[in-house]
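Below is one structure, written out as structure tokens; comments come after it.
Derivation of every value follows stated rules applied to the coordinates shown; laboratory data play no part. Remember, it's a predicted structure, so these values are computed and weren't measured experimentally. Here Cβ is always computed from backbone atoms with ideal geometry, including for glycine, and neighbour counts include all displayed protein chains.
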Amino acid sequence: KAGVTQTPRYLIKTRGQQVTLSCSPISGHRSVSWYQQTPGQGLQFLFEYFSETQRNKGNFPGRFSGRQFSNSRSEMNVSTLELGDSALYLCASSLGLARGNEQFFGPGTRLTVL
Amino acid sequence: AQKITQTQPGMFVQEKEAVTLDCTYDTSDQSYGLFWYKQPSSGEMIFLIYQGSYDEQNATEGRYSLNFQKARKSANLVISASQLGDSAMYFCAMREEGNQGGKLIFGQGTELSVKP
């Protein structure tokens, strides 16, 4: 079974631009979560989607948004990029919301904002 | 508020020896799950082991075992017979499972270096 895939793997943008990151979950998985990883703040939860509905949202500004499609694929968008948005963005998928459903992570998208 | 604390920023272990990575957590929920992930330099987070708060037995997965002490709110990861490929960052994470949702709260991580 194929793992979680994320595209693109690397991205360089300039301040003020916007970016869209894509995540394809493991086949059959309906829950997708997004995390931001930086050296200073560590791993922080962005949001979670289940069956096209946002179930949880982390403490990030409105410039960060996401959505999930009917095939469970998810995208996240960051508008008006800032230097501090440079990070590794990780997507994780799981079967659902029940206890014990571990989250499987993709390889991440490394975003650099210049 | 939920919190995960990993007090060891870095650790060294000799190849073939066992090593314990510490993790303490704080939550007011009764139902929660504890996870350990490994992150090599490539960046991908690799799931290692899971322990549910109601599980009576400590979880084990191959060379990994989780020393779960609920009263002390600790969930230490034990890696037996360390291998060079175990060198990586290790993250402890928690998820409150009483409500719907899969949000993981991560600790700051421990960087493990295995010496030959």
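Any of A:13/B:3; A:13/B:115; B:38/B:70 with alpha carbons more than 31 Å apart? Name them for me. Over 31 Å apart, Cα to Cα: A:13/B:3; A:13/B:115.
Each part gets one Cα centre, and for segment A:69-91 versus segment B:10-42 those centres are 27 Å apart.
The slack between residue B:46 and residue B:72, meaning 0.36 nm per residue of separation minus the straight C-alpha distance, is 6.7 nm. This ranking places B:12, A:45, B:68 by how few other beta-carbon atoms lie within 10 Å of each, fewest first, which gives B:12, B:68, A:45.
Our coupling estimate for segment B:23-35, obtained by passing each phi through the Karplus curve with A = 6.51, B = -1.76, C = 1.60 and θ = phi - 60°, is 8, 10, 9, 9, 7, 9, 7, 8, 10, 7, x, 10, 10 Hz, Gly and Pro reported as x. Simple rule: put +1 on each Lys or Arg Cβ and -1 on each Asp or Glu Cβ in segment B:1-67, find the dipole, and look at B:30, B:14, B:57; the Cα lying farthest toward the positive end is B:14.
With contacts taken as Cα pairs under 8 Å at a separation of at least 6 residues, chain A carries a relative contact order of 36 percent.
Database remark: amide H of residue A:17 closer than 5 angstrom to the amide H of A:81 (H placed geometrically; neighbours at sequence offset of 5 or more, or on other chains; Pro and chain starts carry no H). Counting beta carbons within 10 Å around each of A:85, B:22 and listing the fewest first gives the order B:22, A:85.
Legend: mean number of C-beta atoms from other chains within 10 angstrom of residue C-beta atoms, peptide B:102-111, equals 6.
The residue among A:66, A:96, A:83 whose Cα reaches farthest toward the positive pole of the charge dipole of segment A:56-114, with charges on the beta-carbon of Lys, Arg, Asp and Glu, is A:96. Among the GluC sites (Glu not before Pro) found in segment B:7-116, those both in a DSSP coil and sparsely packed, with 10 or fewer other Cβ atoms within 10 Å of their Cβ, are B:56. Its residue count N sets the reference 2.2 N^0.38 Å, and the alpha-carbon radius of gyration of chain B equals 1.03 times that reference. Solvent-free Debye calculation, one equal scatterer per alpha-carbon of chain A: log10 I(q)/I(0) at 0.13 Å⁻¹ equals -0.44. Check each of the GluC sites (Glu not before Pro) in segment A:1-86 and keep only those in coil by DSSP with at most 14 other C-beta atoms within 10 angstrom; list them in order. Filter output for segment A:1-86: A:52, A:82.
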